[in-house]
Structure formats: structure tokens, C-alpha cells
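Right, one structure below, let's go through it.
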Amino acid sequence: MKQIVIKTPEEIAKMRHSGALLAKVFAMLDGVIVEGMSTMEINDRAEAFIVDELKSRPASKGQYDFPYVLNTSIDDVICHGIPSASKILRSGMIVNVDITLENGGYIADSSKMYCIGQTTPLAKRLVNNVYESLWQGIRAVKPGATLGDIGHAIQQHAEQAGYSIVREYCGHGIGRDMHEEPAVLHFGQPGTGMVLQEGMVFTIEPMINQGDHRIKQKKDGWTVVTRDKKLSAQWEHTVAVTADGVEILTLRDEERQAGYAERY
């Protein structure tokens with residue numbers, strides 16, 4: 001296993017800046033993602049904004065030969081949905097938009113769910129539960145806690161609502177590289193796994209299914225879907241372990257307005 005990269009306060013400041021810029025990308029997309037839009041339009045809008053307005057780099061483009069700047073995962077797509085000019089957003093869909101941004105040598109990673117038009121109460125319930133599951137995991141972060149504490153908090157909240165946790169994909173350390181140690185599982189037992197320490201920076205990004213947790217990868221080599229074709233949802237933030245808790249580096253303005261704090 002590779003060594004954990006502990007970030008200095010100066011490095012975390014740079015990551016905080018990248019995270020704030022990424023939050024601006026979502027704020028821009030909030031005003032343009034509507035029914036009738038193609039997922040490629042979302043990709044192109046985000047790329048132009050990141051490059052031209054924010055003077056930053058879309059870190060996903062070219063990573064592992066992926067040709068686009070973001071993933072758009074609709075309905076039963078768990079993750080790694082590929083933008084397409086022929087994939088049109090329709091009323092009732094739920095879509096996860098997952099974006100990375102690099103500025104000053106440091107990367108931020110975040111994703112957000114969008115409910116298109118008139119979504120069903122069952123779909124909204126899933127989306128909302130996964131969001132709260134993410135926050136259960138975030139609030140478990142502090143020096144001396146373990147990765148198992150994070151996973152358990154997420155798993156307990158989701159499974160109590162009747163949902164299942166995807167096992168094959170997880171959060172990850174992040175910094176100069178998009179994927180660093182540690183792997184952050186979204187299930188686990190309290191008190192198990194790596195002990196958290198100040199200066200660790202990683203993503204928490206639970207992928208939670210409406211039905212069975214099992215997955216299937218499509219022939220394109222990217223798109224991952226639920227095997228039972230039921231809905232899946234995901235939310236993601238990049239967080240830093242502080243001296244006494246956690247800081248959310250990719251917090252968005254609407255979250256602040258809703259009462260979610262930047263630090264816990």
C-alpha cells in the first residue's frame with residue numbers, strides 16, 4: 001500500500017481554493033441543467049467554465065484515457081456514466097454529476113444529484129437519504145476516529161432505510177493526484193481500519209442502491225449500473241481532517257444556506 005500523504009496547512013489552503021472553485025462550477029450548472037438538455041451539453045458547459053472562467057484544469061479529462069471532464073450517471077447508473085449528445089434529460093430522471101478540478105497543482109472532487117422535472121417520491125427519498133448518509137460519514141471524521149467509523153455511519157443510515165451500499169467503489173485520498181491512499185469504504189465496523197490524523201485529505205462518496213448492491217459494468221468499459229435495474233444515487237465531498245474534526249473543502253453555497261457547516 002502506498003504511503004498516506006499528509007497535507008501541510010499551506011497545501012490544504014490550496015485544496016480549499018480548488019474546492020471553492022469547484023463549488024462555483026456546480027452553482028453555474030444549477031442554473032442550466034434542465035429537462036431537454038443532453039449530458040454532453042453539461043460536459044461542455046462545465047469544461048468552458050472551468051477553463052475559461054476559472055482558469056483551471058478539468059482533472060478527469062485524460063485521466064485513465066477518459067475523454068470528458070465529468071461523469072453523468074442517470075437512474076440505474078451507479079457511476080462513470082459517459083456524457084453523450086444523444087442522452088437527453090427527461091422529466092423523472094435522477095442524475096449524478098461528478099466533477100474534478102485542479103488549480104495550483106491540487107485537485108478537488110465532488111458530485112451532486114439533480115432531480116429532473118417531476119421525479120417520483122421514491123426517487124426523491126433515495127436521493128435525500130444518500131445525501132444524509134454522506135453527512136453521517138462526514139460527521140464521523142476527526143483525529144483518532146477510524147475509516148471503519150465513517151463506513152459504519154454511512155452504512156447504518158442507508159440500510160435502516162432499506163437501501164444497499166455498493167462495495168466495489170469507494171472514496172479515496174486526494175491531493176496532487178486524483179487518487180491517493182487511503183481507500184475510504186462506505187461500509188464497515190466502528191473502531192476498525194486506519195486511524196485518522198490531522199492533515200489527511202480524502203473524498204467521501206457513497207454510492208447507494210434502491211435495491212440490491214450488486215453491480216454490472218457495460219461493454220463501454222466505463223458505465224456501471226445496478227444489476228437489478230433499480231435506481232442508484234451518489235453524493236460526494238472532499239474533506240480534510242483538522243486538529244479537532246473535519247473541514248468540507250468542496251462545500252457549496254446552497255449547503256451553507258441550508259445550515260450545513262464548513263467545519264465539524
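The values are calculated or read from the model by the stated rules, or taken from the named source; none is laboratory data. Treat the numbers as computed from the prediction; the structure is a model and nothing was measured. Cβ atoms come from the backbone with ideal geometry, glycine included; neighbour counts cover every protein chain shown. SASA here: full protein model, heavy atoms, side chains in, ligands and nucleic acids out. Shrake-Rupley method; radii C 1.70, N 1.55, O 1.52, S 1.80 Å.
If you go through the range 98-147, how many residues are in contact with a His (Cβ under 6 Å, 6 or more places away or on another chain), under 22 Å from Asp244 (Cα atoms) and open to solvent by less than 10 Å² (accessible area, probe 1.4 Å)?
Total meeting the criteria: 1.
Go through the range 128-141 residue by residue and tally those that are over 11 Å from Val239 (Cβ atoms) and not in a helix (DSSP H, G or I).
The number of residues fulfilling the criteria is 0.
Of all the residues that make up the range 162-190, how many are touching a helix residue (DSSP H, G or I) at 6+ places or on another chain (Cβ under 7 Å), open to solvent by 60 Å² or more (accessible area, probe 1.4 Å) and either small (Gly, Ala, Ser) or farther than 19 Å from Pro143 by Cβ (or both)?
2
Taking the range 191-218 on its own, how many of its residues are of a type in the set (Val, Ile, Thr), open to solvent by less than 10 Å² (accessible area, probe 1.4 Å) and farther than 13 Å from Gly148 by Cα?
Residues meeting the conditions: 3.
Among the residues of the range 32-55, count how many are of a type in the set (Lys, Arg) and touching a residue at least 24 places away in the same chain (Cβ under 8 Å).
Of the residues in that region, 1 qualify.
Is it the case that the range 83-99 has a residue that's part of a helix (DSSP H, G or I) and under 30 Å from Pro121 (Cβ atoms)?
Within the range 83-99, the subset part of a helix (DSSP H, G or I) is none.
No, every residue in the range 83-99 fails to be part of a helix (DSSP H, G or I) and under 30 Å from Pro121 (Cβ atoms).
Can you tell me which residue in the range 10-19 is farthest from Glu198 (Cα to Cα), limited to those that are open to solvent by 10 Å² or more (accessible area, probe 1.4 Å) and in contact (Cβ under 8 Å) with a residue 24 or more places away in the chain? Explain how you work it out, then say what you get.
Taking the range 10-19 first, the residues open to solvent by 10 Å² or more (accessible area, probe 1.4 Å) are 10-14, 16-17.
Then keep just the ones that are in contact (Cβ under 8 Å) with a residue 24 or more places away in the chain; that gives 11-12, 14, 16-17.
Details: Glu11: 13, Ile12: 11, Lys14: 16, Arg16: 15, His17: 19 Å.
If we take residues in the range 10-19 being open to solvent by 10 Å² or more (accessible area, probe 1.4 Å) and in contact (Cβ under 8 Å) with a residue 24 or more places away in the chain, then His17 is farthest from Glu198 (Cα to Cα).
Only residues that are in a strand (DSSP E or B) and not small (Gly, Ala, Ser): list them for the range 228-264, please.
Result: Gln234, Glu236, His237, Thr238, Val239, Val241, Val246, Glu247, Ile248, Arg263.
Of the residues that make up the range 105-119, is at least one out of contact with any Gly (no Cβ under 6 Å at 6 or more places or on another chain), more than 19 Å from Ser232 (Cα to Cα), in contact (Cβ under 8 Å) with a residue 24 or more places away in the chain and β-branched (Val, Ile, Thr)?
Yes; the residues of the range 105-119 include at least one that is out of contact with any Gly (no Cβ under 6 Å at 6 or more places or on another chain), more than 19 Å from Ser232 (Cα to Cα), in contact (Cβ under 8 Å) with a residue 24 or more places away in the chain and β-branched (Val, Ile, Thr).
I'd like to know if the range 43-57 contains one or more residues that are touching a helix residue (DSSP H, G or I) at 6+ places or on another chain (Cβ under 7 Å), more than 29 Å from Asp228 (Cα to Cα), of a type outside the set (Asp, Glu) and in a loop (DSSP other than H, G, I, E, B).
Yes, that holds for at least one residue.
State whether the residues of the range 1-21 include one that is part of a loop (DSSP other than H, G, I, E, B), among the small types (Gly, Ala, Ser) and in contact with a strand residue (DSSP E or B) (Cβ under 9 Å, 6 or more places away or on another chain).
no
Of all residues in the range 53-91 being open to solvent by less than 60 Å² (accessible area, probe 1.4 Å) and at positive phi, which is modelled with the lowest pLDDT?
Per the criteria, the residue is Gly62.
When you look at Val5, is it exposed (fewer than 13 other Cβ atoms within 10 Å of the Cβ), touching a residue at least 12 places away in the same chain (Cβ under 8 Å) and touching a Gly at 6+ places or on another chain (Cβ under 9 Å), yes or no?
no
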